[in-house]
Every structure is written in C-alpha cells, then in structure tokens.
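The values are calculated or read from the model by the stated rules, or taken from the named source; none is laboratory data. The structure presented is a predicted model; accordingly, all values stated were derived computationally and were not measured. Note: ideal-geometry Cβ built from the backbone for every residue, glycine included; neighbour counts use all protein chains shown.
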Amino acid sequence: MKKKFFNRAINFIIAIVAGMGLNMVIIMLSGNIVPPPEGADLKTMEGLKAAMPLMQPIHFLMPFLAHALGTMLAALIIVLRVDAYHQKFAIGAGLIFFTAGAINVYLLPAPFWFNVVDLIGAYMPMAFIGYMLARKISKK
C-alpha cells in the first residue's frame with residue numbers, strides 16, 4: 001500500500017515538473033517567436049511589469065500556450081504513469097497549475113481579458129484534454 005502511494009506521488013511530481021519545464025521552455029522561446037515590445041526587458045519581474053502596458057494581444061499568445069500546454073502535458077503524463085485515480089490526479093494537476101496562474105494574476109498587471117481567458121481556458125480544460133488524450137493513447 002505504501003509503495004503504491006509512493007509511486008503515485010513520485011509520478012505526480014514528475015508530471016508536474018515536466019509540465020512546468022514545458023511551460024518554461026515555451027516562455028523562454030516566446031521572445032524569438034513573438035518579439036517583445038521595443039525596449040522591453042522581459043527577463044525580470046520589474047521589466048515584465050513595466051512592459052505590460054506596451055504589450056499587444058499577440059504578446060499574450062505564447063504565455064497562454066505555455067500555461068495550457070504545460071498543464072496538458074502534466075495531466076497526460078499523470079494518466080499514463082499513475083496506475084489508479086487517473087481523473088483525480090489529472091484534476092489535481094490542473095488545480096496546481098490554476099493556482100500558479102492565479103498567483104500570476106495577482107502579481108502581474110496583465111489585461112483583464114487575458115486573465116479571464118487564461119484562468120478559464122488554460123488550466124482545467126487543458127487538464128481534461130490531457131486526461132482524454134492519455135486515455136486514448138493508453139487504449140491502443
């Protein structure tokens with residue numbers, strides 16, 4: 001019993017770290033895909049806060065994708081690696097990423113529309129999609 005719990009916990013942590021890693025990779029590469037506003041330094045929290053008023057909607061595409069794909073990857077890995085309670089673990093991953101997103105909403109002065117879209121669309125729906133994809137993959 002303890003071994004199963006330990007294995008589930010380790011796999012859950014691995015999945016969360018993988019999702020966070022994908023999130024970070026997308027954020028790090030986003031400046032190469034969508035250039036930041038002229039003169040903006042997005043590498044520090046202060047620079048990011050100062051650049052927010054200069055950002056156009058296109059600048060929020062990559063952060064949304066990072067949040068959504070990181071959450072989806074975590075849920076997918078959880079369902080593929082954890083032997084039971086798949087849906088609960090996938091929802092747990094979504095809640096962890098949602099909490100991080102809510103903290104970002106509190107810390108960063110992003111536009112209201114982005115905060116709403118991000119919190120509603122990037123976490124729980126993507127955790128569910130990751131769950132469904134993994135179920136489909138594991139049936140093959």
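Do the conditions hold for P125, that is, is it within 16 Å of the chain's Cα centre (by Cα), buried (at least 21 other Cβ atoms within 10 Å of the Cβ) and in a helix (DSSP H, G or I)?
No, not satisfied.
Can you pull out the residues in segment 99-123 that are of a type in the set (A, V, I, L, M, F, W, C), under 15 Å from L48 (Cβ atoms) and free of Cβ contacts under 8 Å to residues at least 40 places away in the same chain?
Correct list: I103, V105.
If you go through segment 76-117 one residue at a time, how many are among the aliphatic types (A, V, I, L, M), part of a helix (DSSP H, G or I) and over 17 Å from the mean Cα position of the chain (by Cα)?
Number satisfying all stated conditions: 1.
Just one of M72, M52, M126 is touching a Pro at 6+ places or on another chain (Cβ under 6 Å) and either touching a residue at least 12 places away in the same chain (Cβ under 8 Å) or of a type in the set (F, W, Y) (or both); which is it?
None of the others qualify; the one that does is M52.
Could you please find all residues in segment 44-75 being assigned to a helix (DSSP H, G or I), over 19 Å from F112 (Cα atoms) and either modelled with pLDDT of 95 or more or β-branched (V, I, T) (or both)?
Hits for segment 44-75 are L69, G70, T71, M72, L73, A74, A75.
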